[in-house]
Every structure is written in structure tokens, then in C-alpha cells.
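Nothing in this text is a laboratory measurement; each read-out follows from the coordinates by a stated rule. Computed from a predicted model, the values in this text were never measured in an experiment. Methodologically, a virtual Cβ is constructed for each residue, glycine included, from the backbone with ideal geometry; neighbour enumeration extends over all protein chains shown.
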Amino acid sequence: MTVPNTPPDPARADGSDAVADAVPADAVPAPYAAPDPQAARDPYALPPGLDLVAGKPQPAEPLTQRLLPELRIGAATVLACLVLGVVMGVLWAWLAPKVPLVVDGNKILYADPEGEQRAGADSVFVLIGLGMGILTALGAFLVSRKRGGGISVAVGLAVGGLLASVGAWGLGRWLGPGRDLVAEARRVGNGGHFQADIDLGAYGAVLAWPMAAMVLLLALSAAFGKREEDPPPYWVPGPAAVDAGVPSAEERREG
């Protein structure tokens, strides 16, 4: 039997086409084919349609910009207390009982040795301070209630009340009778009567204003202050919150 002398195909000279004929076309992987979406799905991927830009935290404001409104409120509270401190000093100089003195030769004696005018001056100062503390705390609470109060209001009341009390003490002494007893005795002469200057025997009386303001502010904030709404309990039906990586209540129960 004679085999015909057939010239080799130049396309098959390197054997590539022969391999291609021997291997089915569907068995060759396609390196540039689109991956299967089901096989390539990441179980930890973000849900579709989620805006990553909106979910990113915004950059924090500078510390000075955040503290500036608080400093303004605190400064306004202190200024209001100082203005009322002037009123307190005038009231104390007017309402505080005066100590009567009498000149006996070269001596200055109490006209009423059993009198309680010194203690009465302290009591009047404390009562006025309590009233001012209640007034300033009530006003500060009503003004700052919408914004939820704040540490600046409390600090302003404490600092402003203390400074106003000290200022009222000094102003009352300046507006009251003269403090130079010898000059007053010489002015009225022997047997004359005059009044001693008013002063505080108990220095702790200056704390009446800030303490009353802080206590009342705390009570008002606890009873009538602004509160955030509590979230509904988990058993109340409602729309599921869309949050990346956080399963809903139904998913947690199913899982």
C-alpha cells in the first residue's frame, strides 16, 4: 500500500493547531472573561447603593471654635452676676442694722451692749445672697434651657456669684458709715452718738450666693431640663436601620 506523499501543512508546523484541535474549546479558561458575580461576592462587602462619602466622619472643628460659644455664655453669666452684685451691695448697706456707738470722755462705747446688730448684718447679707442666687439660677436656666444648659452656665454662676458677693461686701462697707471711729468720735464730741461701719463677722457668708445658685440650677435641670428621647425598645416594630456592617434585629434573631 502506497502512502501518498502529502506536504505538511505550514500552519501545523509548530503543532499549535494540533493541540487546539485535540483540546475542546470550552475546556480552555478564558483569562479575560467576566467573573461570576455569585462566586466573587464578598460576604463582608458593603450593601449596594451605600454612600461611602456620606458615611465618613466629618473632620472635627478646631478647639477654639468649639469653646468660643461656651466662653461667651460663661462671660455673659458672670457679667450679669456682677451687675446684680452692685444691687446687692446697695441693698446690704441700706438694710443691714447699724451698730450704735456713744462717746464717753476719751472712750467709745456700745450704746446697746446687748444688741445683735453685728450678727444681723451677716444675716441680711446671707438672705440677700440667697435671693440673688435664686434669681440668677432661675434666669440662667430659662435662657439656656433650649440649648440644654451646659458646663459654661454652671461655672459662670459659681464664679460670677462668688465675685459678685465679694464685690457687694466691699461696696456695702464703702457705702455704709465711716470706718474711722476716732474721727467720727471727734466730730460728734463727748456724749455724742454715731454708727459703726458695717462688716461681715462670718466670711463664709459670701458663699451663700454661689451655693444657692448651684443647688437651684441642679434641681431645675434635673426636674425640667432638656432630655434626649429614649430609643424605642427592640420589640417595637419599625423600619430597620441601614448601617454598614450592623445587622438588623430580624437578622440577629434569624441568625
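Here are the numbers for the structure shown:
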read-out: Phi-based couplings in Hz for the range 140-150 (Karplus 6.51, -1.76, 1.60; Gly and Pro marked x); value: 5, 5, 5, 6, 9, 5, 5, 8, x, x, x
read-out: Cβ-based net charge around VAL143, under 15 Å, with every Lys or Arg adding one and every Asp or Glu removing one; value: +4
read-out: D_trans [Stokes-Einstein, Kirkwood Rh over alpha-carbon pairs] for the range 70-217, 25 °C, 0.890 mPa s, µm² s⁻¹; value: 149
read-out: For the range 147-192: rounded, prolate or oblate by the Cα gyration tensor [a/c cutoff 1.5]; value: prolate
read-out: Separation of the GLN117 and VAL143 label points, Cα + 7 Å toward Cβ, nm; value: 3.8
read-out: Amide proton proximity set for VAL99, modelled H, under 5 Å, gap of 5+; value: ALA196
read-out: LEU200 long-range amide H proximity, modeled H, under 5 Å; value: none
read-out: The range 107-124 - phi-based ³J(HN,Hα) in whole Hz, Karplus 6.51/-1.76/1.60, Gly and Pro as x; value: 10, 10, 10, 6, 6, 10, x, 8, x, 10, 5, 5, 5, x, 5, 5, 5, 5
